[in-house]
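Chemist: I'd like to ask some things about the structure below.
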Amino acid sequence: MSTLITAIGELVTNDPARPVRTDAAVVVEDGRIAWVGDAADAPAADEVVDAAGRAVLPGFVDSHSHLVFAGDRSQEFRARMAGEPYAAGGIRTTVAATRAASDETLAAGVARHVAEMRRQGTTTVEIKSGYGLSVDDEARSLRVARGFTDETTFLGAHVVPPEHTDDPAGYVDLVTGPMLAAAAPYARWIDVFCETGAFDADQARTILRAGEAAGLGGRLHANQLGPGPGVALAAELGLTAVDHCTYLTDDDVHALRDAGTVATLLPGVEFSTRQPYPSGRRLIDAGVTVAIASDCNPGSCYTSSLPFCIALAVREMGMTPLEAVWSATAGGAAALGRDDIGTLAPGKRADLVLLDAPSHVHLAYRPGVPLVVRTWGS
């Protein structure tokens, strides 16, 4: 079965040879892009979809989310808006609620949030554990997540749970031993929250190396709450991506560039915590690959909307609309080590988004407006 999407006013391909086309068409066959070109030259297909001059983009790739959770932290958000600072300790509130929830409750929550994302153009999502923090709860969180995506991340090293407050070294041993063994069959990645109040660089290095030995790719939360060693550690270890990157030195930026580690920016977090926004402009100008993701979670950033994050990146992080779209598509794919998504070219996955707008610019120009009218793909 082949489908021709024609009369596309603007087609964002992310193909370096021609990243944006006008008066374009795409042929999709068996879940892959079969042809891209001018609408006037389009081949015949079994089905024809008339885009009527609207824009078509690659499906958004959300490379950082925490969707397996229970409970509500809106009171914490209200307190932050009243002037209280954000701290990592609120994670424990969600841990208690998640441990008490049934598998069915957790799965229903993930399904609801994934459907939200899909309506807003996200066709690929990464989902982390991290709200179980016990052997059984981390493994079941990843089993639940695996029902919705292959891009699952073991985040047993989110914070030290209450029962290990007096023995953080023992908790690191648990994470790198029985917890990792239970989680690894359901995970593709391993992650650590490397921040004051969570895990230091030595602990993070130990955990990431254990994950690598277990066959998991490495990623890291770092430099969110203040300057720290996490970004430098990510570059040192050659991790695929390091996320947040809010507080960076020049050495951090150069290290990311030289290591080829993707800097994943999460502007919804800064919106929700009133912290300074990182500079996407600084990173891009330095030659660092930048991704944008939602970090959808119940505490520091409860948005599932990549269009909203794109608008924030343009308004607050110095990025052009096209750079922000690239970072939420091809950049997100790079952050997941994927070359089959994020770009519209023959042979790539047919993950596409149709906007009710003539241009990708409308994602930032009309923030908060539900512009996605149809998606194809995963």
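The values are calculated or read from the model by the stated rules, or taken from the named source; none is laboratory data. Here the structure is a predicted model, which is why all the values come from computation and not from measurement. Counting neighbours? That spans all protein chains shown, and the Cβs are built from the backbone with ideal geometry, glycine included. SASA here: full protein model, heavy atoms, side chains in, ligands and nucleic acids out. Shrake-Rupley method; radii C 1.70, N 1.55, O 1.52, S 1.80 Å.
Chemist: In contact with a helix residue (DSSP H, G or I) (Cβ under 9 Å, 6 or more places away or on another chain) and assigned to a loop (DSSP other than H, G, I, E, B): does that describe G318? Working first, answer last.
Modeler: Values: in contact with a helix residue (DSSP H, G or I) (Cβ under 9 Å, 6 or more places away or on another chain): yes; assigned to a loop (DSSP other than H, G, I, E, B): yes.
Judged against the criteria, G318 is a match.
Chemist: Please state which of the following conditions S63 fails to meet, knowing it meets all the rest: (1) free of Cβ contacts under 8 Å to residues at least 60 places away in the same chain; (2) under 23 Å from the mean Cα position of the chain (by Cα).
Modeler: (1)
Chemist: Output the residues belonging to the stretch 19-38 that are surrounded by fewer than 20 Cβ atoms within 10 Å (Cβ to Cβ), without any contact (Cβ under 8 Å) to a residue 60 or more places away in the chain and either within 20 Å of L336 (Cβ to Cβ) or not charged (D, E, K, R) (or both).
Modeler: Hits for the stretch 19-38 are T22, G37.
Chemist: Oh, and also: Pull up the stretch 183-206, narrow it to residues that are in contact with a Ser or Thr (Cβ under 6 Å, 6 or more places away or on another chain) and surrounded by 24 or more Cβ atoms within 10 Å (Cβ to Cβ), then point me to the one that is nearest to V262 (Cα to Cα).
Modeler: In this case the residue turns out to be D191.
Chemist: State all residues of the stretch 59-93 that are assigned to a helix (DSSP H, G or I) and touching a Gly at 6+ places or on another chain (Cβ under 9 Å); if no residue qualifies, say none.
Modeler: From the stretch 59-93, those assigned to a helix (DSSP H, G or I) are 74-81, 88-93; that's our starting set.
Those that are assigned to a helix (DSSP H, G or I) and touching a Gly at 6+ places or on another chain (Cβ under 9 Å): E76, F77, A88, G89, G90, I91, T93.
Matching residues to (1) modelled with pLDDT under 90; (2) open to solvent by 10 Å² or more (accessible area, probe 1.4 Å); (3) not basic (K, R):
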position	(1), (2), (3)
D41	no, yes, yes
A44	no, yes, yes
V48	no, yes, yes
G53	no, yes, yes
V61	no, no, yes
H66	no, no, yes
G71	no, yes, yes
M81	no, yes, yes
E84	yes, yes, yes
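Chemist: Name the residues in the stretch 293-330 that are touching a residue at least 12 places away in the same chain (Cβ under 8 Å) and among the β-branched types (V, I, T), would you?
Modeler: First, the residues of the stretch 293-330 that are touching a residue at least 12 places away in the same chain (Cβ under 8 Å): 293-319, 321-330.
The answer is T303, I310, V314, V325, T329.
Chemist: Right, something else. In the stretch 94-134, what residues are free of Cβ contacts under 8 Å to residues at least 60 places away in the same chain, assigned to a helix (DSSP H, G or I) and either of a type in the set (A, V, I, L, M, F, W, C) or surrounded by 22 or more Cβ atoms within 10 Å (Cβ to Cβ) (or both)?
Modeler: Of everything in the stretch 94-134, those that are free of Cβ contacts under 8 Å to residues at least 60 places away in the same chain, assigned to a helix (DSSP H, G or I) and either of a type in the set (A, V, I, L, M, F, W, C) or surrounded by 22 or more Cβ atoms within 10 Å (Cβ to Cβ) (or both) turn out to be A96, A97, T98, A100, L106, A107, A108, V110, A111, V114, A115.
Chemist: All but one of (1) surrounded by fewer than 17 Cβ atoms within 10 Å (Cβ to Cβ); (2) modelled with pLDDT of 95 or more; (3) within 24 Å of R78 (Cα to Cα) hold for D285; state the number of the condition that does not hold.
Modeler: Evaluating D285 over (1) surrounded by fewer than 17 Cβ atoms within 10 Å (Cβ to Cβ); (2) modelled with pLDDT of 95 or more; (3) within 24 Å of R78 (Cα to Cα) leaves (3) as the failure.
Chemist: Quick check, is D166 free of Cβ contacts under 8 Å to residues at least 12 places away in the same chain, surrounded by fewer than 22 Cβ atoms within 10 Å (Cβ to Cβ), closer than 22 Å to L233 by Cα and not hydrophobic (A, V, I, L, M, F, W, C)? Working first, answer last.
Modeler: Details: free of Cβ contacts under 8 Å to residues at least 12 places away in the same chain: yes; surrounded by fewer than 22 Cβ atoms within 10 Å (Cβ to Cβ): yes; closer than 22 Å to L233 by Cα: no; not hydrophobic (A, V, I, L, M, F, W, C): yes.
No: the conditions fail for D166.
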